[in-house]
Amino acid sequence: MKPLIIIVGPTAVGKTALGVALARTLQGEIISGDSVQVYKKLDIGSAKPSLEEQGGIRHHLLDFLDPAEPFSVAQFQNLAQKAIQDIQSRGKIPIVVGGTGLYIRSLIDPFDFVETGSETIRQYWTDFYQKHGKEALHTELAKIDPVSAKRLHPNDTVRIVRALEVCQLTGKPYSQVRGKKDTQYPKLPPNILYLGLNAPREIIYERINKRCEIMVEEGLIEEALNIIREGYSPKIKPLQSIGYRHALLYLFGKVTLPEMMRIFQRDTRHFAKRQLTWFRRDPRITWYNTYEEEMKNILESIIDTCSRL
């Protein structure tokens, strides 16, 4: 059976470059496992690979959705599974690259998601967040589902709103609806190569700080402004993601540019830490250190593993 390669890790660790190199060597195609890169118009802040960075490799689930359109993990699960089947049916190797942990787990573990939702309930909690702030929103979740509140960081407002929505829809805590699958790691089929990239924390943080500076230099603020000028609400989900919400704070005069940069870098570092915490729990991941090992050696090791499947 053709392998399915999955590459995870914190932001700025080198996942995109490795994915493209593998795809070029193994006749593969890439499936993006990022929750923001699915959206059109959001290029700089999502670190979406440019055409040059894509290296002529076909990418799936990248840059295809209008920013105002909702997109859930259930939708990702469905579309990504179809993409995997399509790629394999053409004799090529699917390579999933991304740092959105739940998206990745949805592909390799038996996660079932509540497809239906309530726009009314969702809008209520979105308005609540806009009026009272993220800490108050997190407190509301803690009242009815302390398990989920402990798992979700107050900054993760999208998932907190989703948890509150499911609680009201089902009459049960979101943590019970999800069950215990988050902490269960069943054995994977032998054809799945689950790979993690990491580096020393100080190196990752240095790369993140530099990446944030480059994003602003390349036009992150202008990109956010253009989206607003096109008539999109600043409350839409992708504009609440890291980078865009910081740009909007500056555009709306809430912070100075130096302060925006400081909290942008800080929040991105915190996000990378949460990514690592999520992935490190999974004992099935084979880890590579991109600081201690040259990328070509990592590439050769993975190719050798694929050849023995």
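Each reported figure results from applying straightforward, stated rules to the coordinates on display, with no laboratory input. Keep in mind that this is a model prediction, so the values were computed, not measured. Cβ: placed from backbone, ideal geometry, glycine included. Neighbour counts: every protein chain shown.
Summary of values
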| read-out | value |
| --- | --- |
| Label point distance in nm, GLN85-ALA136, each placed 7 Å from Cα along Cα→Cβ | 4.6 |
| Fully extended contour minus Cα-Cα distance, from LEU309 to LYS92, at 0.36 nm per residue | 76.7 nm |
| Distance between modelled label sites at ASN191 and ILE263, nm, 7 Å Cα→Cβ extension | 4.8 |
| Sites ASP127 and LYS273, calculated FRET efficiency, Cβ-Cβ separation with R0 25 Å, nearest 0.05 | 0.25 |
| Computed helical MRE - 222 nm, the chain, DSSP H runs ≥ 4 contributing -39500 (n - 2.57), nearest 500 | -16500 deg cm²/dmol |
| Rg(Cα)/(2.2 N^0.38 Å) for the chain, N = residue count | 1.00 |
| Descending semi-axes in whole angstrom, ellipsoid equivalent of the range 119-181, from the Cα gyration tensor | 18, 13, 9 |
| Order of ASP112, ASP156 - criterion: other Cβ atoms within 10 Å of each residue's Cβ, fewest first | ASP112, ASP156 |
| Separation of the THR25 and ARG280 label points, Cα + 7 Å toward Cβ, nm | 2.8 |
| Out-of-range pairs (alpha-carbon distance over 25 Å; input LYS131/LYS237; LYS48/LYS92; LYS143/LYS254; LYS187/LYS296; LYS82/LYS296) | LYS143/LYS254; LYS187/LYS296; LYS82/LYS296 |
| Nonlocal amide H pairs with VAL96, under 5 Å, H built at 1.01 Å | ILE5, ILE6, ILE7, ILE31 |
